[in-house]
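Colleague: Got a structure for you, written out below as structure tokens; questions coming shortly.
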Amino acid sequence: MLSAVTHAFARPLIRTWLSASPHSWERHVVARDSPHLHAPGTDPDRVLLVGDGVATGRGVRTHELGLPGHLARSLTALTGRATDVDIVVDGRMTVRQGPDAIADLDLGRFDAVLLSFGANEALALMDVAAWQHDLEALLDVVSAGTPAATTTFVLGVPSFAVNPHFPPRLADTVDRNAGRLNAATRRAVARRTSMVFVPEAEEHAFEAESAPVYARWAAPIALTVSDRLDPARPAARETVAADESARRLALERLEDRADGVDDPELDALTDRARRLFGTTLAAVTLIRSETQVMRSVSGIDPVVLPRSESFCDTTIRRTGHLVIEDASLDSRYADYSVVAGDPGIRFYAGYPLESPDGHRVGALCVMDTEARRFSTADATALRSLALAVQRHLFRHEPGGG
């Protein structure tokens, strides 16, 4: 009863401080740039970060400088592989809103999912039973949508008493409630396989959000996540009939915008790829239902190929790069017309291009009439160029810049 009375008095005071105090974090700048972060390398681990609070990039202008960017780079430093981090974040998001926020995502694309919720509920002094109900609903959605090999990491609700600007008595009340929410979260996570509770770092001093602070926060999270990322993990599922209709819709949106429009910037990226690798040709291809077309090409005139004879069709069925060092010696490709006839392709390397909602619509590829090797450094460079092409192609779509 005493707790209920305390909460009734505290709630309006907390709301007033958040809206009126010059020290309120609600007044901080928030990153609003691309929700797709990439750390360099090959064979990327794919991570989804969903939630509120520190995940939103308060205090910095880009997510590269916030938790998502530092998480991507920290993971790559630990694993030696590339990292792709997609984010669905909002400073006011609650755990109840979580299922709707991820409803349109294909969770099967991710190797790890991070959930960062509870700051808003702690500040609202939410009842523990209501929190547990809403959290269980979100965890059920995530469990149903992720493969068995994907681990979900649930970050603990942060404490507020370390902030010297937040009124101490209010902070004590909020932190007591946060402790109860965290206890309920631990219990809910413990009942589920492939889920891990990640508590807040203990005894950390208050620091205003900034790029160096996010780097320090990301490091222990990345260490926990990297321990559960299996380098021998199963490959993401191939593009199959169930995905194909959505993939074609993403491609149609892209082609509707680009139809008949010259694109010098895209052509420059394609030419850069050809010159960088010293190949006969380079192309940005799009895979339609029955054919492959070249949206941009350097080294030859554009050609249309049957999808059944497209190297890039194989590429879009993977999350990483595809390399064929000598197609004439590979029975899967030796009879392709571009191998057996003109221009006599031997070498191919391609990296898939994804729409903002995760559908692989084509590839950036380089090809040569001579067989050749392709190093890890080459694969890293190809991925970097492909991501630049991807950002350019989808710059007009939400989340595509």
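Colleague: Against the condition under 24 Å from residue 359 (Cβ atoms) and either under 13 Å from the mean Cα position of the chain (by Cα) or part of a loop (DSSP other than H, G, I, E, B) (or both), how does residue 60 come out, does it pass?
Modeller: No.
Colleague: Scan the range 25-56 for residues that are in a loop (DSSP other than H, G, I, E, B) and without any contact (Cβ under 8 Å) to a residue 60 or more places away in the chain and jot them down.
Modeller: Matches in the range 25-56: 29, 31, 32.
Colleague: Just checking, which of 65, 18 is in contact with a Leu (Cβ under 9 Å, 6 or more places away or on another chain), surrounded by 14 or more Cβ atoms within 10 Å (Cβ to Cβ) and not small (Gly, Ala, Ser)?
Modeller: Result of the check over 65, 18: 18.
Colleague: Can residue 181 be described as surrounded by 15 or more Cβ atoms within 10 Å (Cβ to Cβ) and at pLDDT 95 or above?
Modeller: Answer is yes for this residue.
Colleague: Pick from 366, 389: which is part of a helix (DSSP H, G or I) and either assigned by TED's automatic domain parsing to the domain that holds residue 83 or of a type in the set (A, V, I, L, M, F, W, C) (or both)?
Modeller: Criteria check complete, one pass: 389.
Colleague: Can you run down the residue pairs with Cβ atoms below 8 Å, 6 or more apart or on separate chains, where the first is in the range 243-257 and farther than 11 Å from residue 287 by Cβ and the partner is at pLDDT 90 or above and part of a helix (DSSP H, G or I)?
Modeller: Close Cβ pairs (under 8 Å, with a partner that is at pLDDT 90 or above and part of a helix (DSSP H, G or I)) amount to 254/393.
Colleague: Which members of the range 30-47 meet the condition of being over 26 Å from residue 91 (Cα atoms) and among the hydroxyl-bearing types (Ser, Thr, Tyr)?
Modeller: 42, the sole residue that qualifies.
Colleague: Next question. When the residues of the range 253-283 are narrowed to those that are among the acidic types (Asp, Glu) and in contact with a Ser or Thr (Cβ under 8 Å, 6 or more places away or on another chain), which ends up nearest to residue 397 (Cα to Cα)?
Modeller: 263
Colleague: Among the residues of the range 113-120, are any of a type in the set (Gly, Ala, Ser), surrounded by fewer than 20 Cβ atoms within 10 Å (Cβ to Cβ), under 20 Å from residue 90 (Cβ atoms) and more than 15 Å from the chain's Cα centre (by Cα)?
Modeller: no
Colleague: Just one of the numbered conditions (1) touching a strand residue (DSSP E or B) at 6+ places or on another chain (Cβ under 9 Å); (2) at positive phi is not true of residue 344; which one?
Modeller: Condition (1) is where residue 344 drops out.
Colleague: Still on this structure, I have one more. On the given criteria, is residue 356 farther than 19 Å from residue 380 by Cβ and surrounded by fewer than 15 Cβ atoms within 10 Å (Cβ to Cβ)?
Modeller: no
Colleague: Could you look through the range 74-92, keep only residues that are of a type in the set (Ser, Thr, Tyr) and part of a helix (DSSP H, G or I), and pick out the one that is farthest from residue 120 (Cα to Cα)?
Modeller: 79
Colleague: Hey, another quick one. Take the conditions surrounded by fewer than 17 Cβ atoms within 10 Å (Cβ to Cβ) and closer than 28 Å to residue 25 by Cβ and apply them to residue 187. Does it pass?
Modeller: Answer is no for this residue.
Colleague: Looking at 268, 273, which one is surrounded by 15 or more Cβ atoms within 10 Å (Cβ to Cβ) and small (Gly, Ala, Ser)?
Modeller: 273
The values are calculated or read from the model by the stated rules, or taken from the named source; none is laboratory data. Values in this document were obtained by computation on a predicted structure and should not be read as measured data. Note that we place each Cβ from the backbone using ideal geometry, even for glycine, and neighbour counts take in every protein chain shown.
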